[in-house]
Amino acid sequence: MVVYLDMAATTPTDRRVAELVLEYMTREFGNAGSRTHAYGADALAAVNAARAQIARTIKADASDVLFTSGATEADNLAILGLAEAGRQANRRHLVSTSIEHKAVLEPLQHLAATGFEVTLVSPDKHGRVSPSDVLAAVRPDTLLVSIMHANNETGVVQPIEAVADALHGECPYLHVDAAQTFGRLNRALSHPRIDLISLSGHKIYAPKGIGALIMKRRSGRRAPIAPLMFGGGQERGLRPGTLPVPLIVGLGLAAELAEKEREQRLRKCVAIRMAALEALAPLSPHVHGEEDFGVLPHILSVSIPGVDSEAAMVATKDIVAISNGSACTSASYQPSHVLEAMRVPADVTAGTVRISWSHETQTLPWGLFASRLNDLRF
């Protein structure tokens, strides 16, 4: 049986979550917008309960939770939704990093084409962005700083708390793409200076197609996001459309379980990482990211000298399912923009694979996996 080791791309839905989702698909199927009967009232109550479940995990208010289809939509709403406020205030400068997900980089590129100026801060060779470099890029006309909490390819954790600590005043607004860290590193996301947080359900064992933009108040006000779509007035007029109640309740439960079980999940993922590194050690691997500065324990970005990533995936496809980068760009066969930003040599980039697991990952064929990779070196 092939062991699925691409959890950074997507996770299976937790059985407990799936059971709840199915109940709301087949029995509690009311429309949360229907307020004239009990079916609608029950659906609305379930949605509001899910908001509270999600908010509690990061010390936010339930009203701060705005449901989206996932982190990609949340990223677009956070960035593009601020554009009009930026134009009106003559704040047309945006700061981000060169290792962001395409869901952040491409909206920034779109704004750059419409008159905004974008500064992208590069990481060091370990994939970590310096908070001082981020702060040095901020100008009086900076509207937004957008920085991911942890990289989806390398797992390297970024210093969002240090950046948040140093930002003062109403602007710039601070947006954090927490697709890989929500449910894992929630303490940092509770920082009061963070204005906007994007998250996806399918990264924390909830279904695909649901996520949220957390819009926290600061000094009594939220970031002045304008809608990108219109019609219906749902989600405070910022995200129209019938609310997917089954997916929302699933995300709420998944968020609650992630916080409740965080420590035991962490211990299991750390143990798996140690076993993987031990098995690969004889092959002199190049591991992206430095453990001392923070790397997500369930993501291992690694290159074996003399082994091409495509060959590695083909040689091991009958035992493991792994990738060589972000799921959103894996079909393009282009060099990783993240590794390029880290100035990783081309041969190391060409050999890099991403292995990612979960707390529920069971039997792991690390010995056989390492043996297959070793065979490719000769």
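Scan the range 196-204 and give yes if some residue there is touching a residue at least 24 places away in the same chain (Cβ under 8 Å), assigned to a loop (DSSP other than H, G, I, E, B) and either out of contact with any Lys or Arg (no Cβ under 7 Å at 6 or more places or on another chain) or not assigned by TED's automatic domain parsing to the domain that holds residue 69 (or both), otherwise no. I'd like the intermediate steps shown before the answer.
To start, the set of residues in the range 196-204 that are touching a residue at least 24 places away in the same chain (Cβ under 8 Å) comprises 196-204.
This time we only want the ones that are assigned to a loop (DSSP other than H, G, I, E, B), so: 204.
Still in the list and also either out of contact with any Lys or Arg (no Cβ under 7 Å at 6 or more places or on another chain) or not assigned by TED's automatic domain parsing to the domain that holds residue 69 (or both): 204.
Taking every residue of the range 196-204 in turn, at least one turns out to be touching a residue at least 24 places away in the same chain (Cβ under 8 Å), assigned to a loop (DSSP other than H, G, I, E, B) and either out of contact with any Lys or Arg (no Cβ under 7 Å at 6 or more places or on another chain) or not assigned by TED's automatic domain parsing to the domain that holds residue 69 (or both).
Within the range 234-280, which residues are among the basic types (Lys, Arg), over 17 Å from residue 16 (Cα atoms) and in a helix (DSSP H, G or I)? Residues satisfying the conditions are 236, 267, 268, 273. Here residue 2 meets each of (1) under 30 Å from residue 355 (Cβ atoms); (2) touching a Ser or Thr at 6+ places or on another chain (Cβ under 8 Å) with one exception, condition (2).
Applying the set (1) over 17 Å from residue 203 (Cα atoms); (2) modelled with pLDDT of 95 or more; (3) not hydrophobic (A, V, I, L, M, F, W, C) to residue 261 leaves exactly one unmet item: (1). Quick check on this structure: which one of 113, 71 is among the small types (Gly, Ala, Ser) and more than 24 Å from residue 248 (Cα to Cα)? Answer to the selection: 113. Test of understanding: among 255, 179, 276, which residue is of a type in the set (Gly, Ala, Ser), out of contact with any Ser or Thr (no Cβ under 6 Å at 6 or more places or on another chain) and on the phi < 0 side of the Ramachandran plot? Just a single option satisfies the conditions, and that option is 276. Of all residues in the range 281-330, those satisfying the criterion of being part of a helix (DSSP H, G or I) and either acidic (Asp, Glu) or under 17 Å from the mean Cα position of the chain (by Cα) (or both) are 291, 292, 310. If the condition is being within 21 Å of the chain's Cα centre (by Cα) and of a type in the set (D, E, K, R), then the range 109-131 contributes 124, 128.
Determine if the range 184-194 includes at least one residue that is touching a Ser or Thr at 6+ places or on another chain (Cβ under 8 Å), buried (at least 24 other Cβ atoms within 10 Å of the Cβ) and touching a residue at least 24 places away in the same chain (Cβ under 8 Å). So that I can check it myself, show each step before the final result.
Residues of the range 184-194 that are touching a Ser or Thr at 6+ places or on another chain (Cβ under 8 Å), as a first pass: 186, 188-189.
Adding the requirement that they be buried (at least 24 other Cβ atoms within 10 Å of the Cβ) leaves 189.
With the extra rule that they be touching a residue at least 24 places away in the same chain (Cβ under 8 Å), the set shrinks to 189.
Scanning the range 184-194, I find at least one residue that is touching a Ser or Thr at 6+ places or on another chain (Cβ under 8 Å), buried (at least 24 other Cβ atoms within 10 Å of the Cβ) and touching a residue at least 24 places away in the same chain (Cβ under 8 Å), so the answer is yes.
Among the listed residues 340, 360, identify the single one that is closer than 26 Å to residue 157 by Cβ and not in a loop (DSSP other than H, G, I, E, B). Spell out how you get there, then give the answer.
On the way: 360 fails: not in a loop (DSSP other than H, G, I, E, B).
Exactly one of 340, 360 is closer than 26 Å to residue 157 by Cβ and not in a loop (DSSP other than H, G, I, E, B), namely 340.
Residues of the range 126-149 that are in a loop (DSSP other than H, G, I, E, B) and without any contact (Cβ under 8 Å) to a residue 24 or more places away in the chain: 140 alone.
Return yes when residue 8 is under 26 Å from residue 228 (Cα atoms) and touching a residue at least 12 places away in the same chain (Cβ under 8 Å) and no when it is not.
Details: under 26 Å from residue 228 (Cα atoms): no; touching a residue at least 12 places away in the same chain (Cβ under 8 Å): yes.
Against the criterion (under 26 Å from residue 228 (Cα atoms) and touching a residue at least 12 places away in the same chain (Cβ under 8 Å)), residue 8 does not qualify.
Residue check: is residue 241 in the same structural domain as residue 39 (by TED's automatic domain parsing), free of Cβ contacts under 8 Å to residues at least 40 places away in the same chain and more than 27 Å from residue 88 (Cα to Cα)? Here the answer is yes, as residue 241 does meet what is asked. Consider residue 271 carefully, then state whether it is in the same structural domain as residue 369 (by TED's automatic domain parsing), touching a residue at least 40 places away in the same chain (Cβ under 8 Å) and not β-branched (Val, Ile, Thr). Judged against the criteria, residue 271 is not a match. Residue 235 satisfies every condition listed in (1) modelled with pLDDT of 95 or more; (2) surrounded by 14 or more Cβ atoms within 10 Å (Cβ to Cβ) except (1). Listed by position, the helices (runs of 4 or more DSSP H) enclosed by the range 18-125 that each have at least 3 residues that are touching a residue at least 24 places away in the same chain (Cβ under 8 Å), buried (at least 16 other Cβ atoms within 10 Å of the Cβ) and in contact with an Asp or Glu (Cβ under 9 Å, 6 or more places away or on another chain) are 38-57, 71-80, 102-112.
The values are calculated or read from the model by the stated rules, or taken from the named source; none is laboratory data. Values in this document were obtained by computation on a predicted structure and should not be read as measured data. Cβ coordinates were reconstructed from backbone atoms using ideal geometry, including for glycine residues, and neighbour counts include every protein chain displayed.
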